[in-house]
Amino acid sequence: MDANEPEVERRDDVMASNRLQVDSSSGAPAVPLVIGAKESAPAPPTEVVFELLDLNVYYGETLAVRGVNLKIHKNVITAMIGPSGCGKSTIVRTLNRMNDSVSGFRVSGEVNYHGHSIYASGVDPVEVRRRIGMVFQRPNPFPKSIYDNIAWAPRILGLKRDLDARVEQALRGAALWDEVKDRLRSSALGLSGGQQQRLCIARAIAIEPEVLLLDEPASALDPISTASIEDLMQDLKQTYTIVIVTHNMQQAARVAERTAFFSLDDAGDGKRAGVLVEYDETATLFTRPADERTRGYVTGRFG
Ligand SMILES: Nc1ncnc2c1ncn2[C@@H]1O[C@H](COP(=O)(O)OP(=O)(O)OP(=O)(O)O)[C@@H](O)[C@H]1O
Ligand SMILES: [Mg+2]
């Protein structure tokens, strides 16, 4: 299941008072980062949705991700950043068993969702993906009408009652309704890239998951559509727990309360595996990182 993108008005004025120019003498980002509305008063921790314990992920004999311990909190936007190949996509895809069909894919350690292992025997991966939706880098609408894109998963799951209302609610939730309400029967492929990405988000939320996993959802979009997606995320986090992978550090700084920085480390045999270097409140990670590798990355000296 995938998702789409939204469209929104700029939050610049809202954010202006929270604009944080990082002190370059402390080794902070070379470009000013705008930290979201939460840097001054970290919210109290919410319920833990995911807990990763000593997670290793393999593709065949290759260890792609090593020893990750991480808690993801409810109704919080958590960003994952780090250089290409450090395992960000691998980890988010591990969170909803999206890699099950990848030959050689294997995990060790624990991926607990509300205290239950999603890789335990007897757990239905389809049910996992019903609760934990995903949106990919490239919008991938089905070659169907806008309506049928949204209605597809509810129909499969037997959620056929009040389908029109469900479709409308999902499109409203993804801030797309007003733009498409008069052409619901038109092909989704006729939408712009930004609209298609919001359609994919609408498709993901149509079955009311708890979690949305967004793997670089805005990397193929123009700045206006990107701003829309970011604003949409702020709305969606009232309802959903959101994990976003992004290469855009400004984006992580703008949208996420918490940020995890991953990097590549020597796996012991000369091969490099992805490791979690640092995980903290976003403002802390960007302005007062504890680890030199984080500092190097967020200041653009590395990665
Ligand atoms: N389906 C796969 N089969 C085999 N190896 C894979 C597969 N997917 C990813 N890998 C390997 O796992 C490692 C981590 O890849 P992953 O795509 O998770 O990184 P990433 O951090 O998302 O990178 P990027 O920022 O470029 O998207 C890489 O070495 C990659 O080659
Ligand atoms: Mg990736």
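Bear in mind these aren't lab numbers, they're just calculated from the coordinates by the rules spelled out. Source: prediction; values computed, not measured. Note that we place each Cβ from the backbone using ideal geometry, even for glycine, and neighbour counts take in every protein chain shown.
Distance from the Cα centroid of segment 122-145 to that of segment 256-303 is 29 Å (rounded to whole angstrom).
Each of the peptides 277-290, 193-206 was scored by the mean count of other Cβ atoms within 10 Å over its residues; in descending order, highest first, they stand as 193-206, 277-290.
Once you have a ≥ b ≥ c as the square roots of the Cα gyration tensor eigenvalues for segment 12-298, tell me rounded if a/c is under 1.5, and otherwise prolate or oblate according to whether a/b is larger than b/c. Oblate, because a/c is 1.5 or more while a/b does not exceed b/c. Spherically averaged projected area of the convex hull of Cα atoms, segment 180-303: 10.0 nm². Restricting attention to segment 12-298, lysine pairs at least eight places apart or on different chains and with alpha-carbon atoms under 16 angstrom apart total 5. In this structure, the amide hydrogen of VAL277, modeled 1.01 Å from its nitrogen in the peptide plane, lies closer than 5 angstrom to those of PHE261, PHE262, SER263, counting only residues at least 5 positions away or on a different chain.
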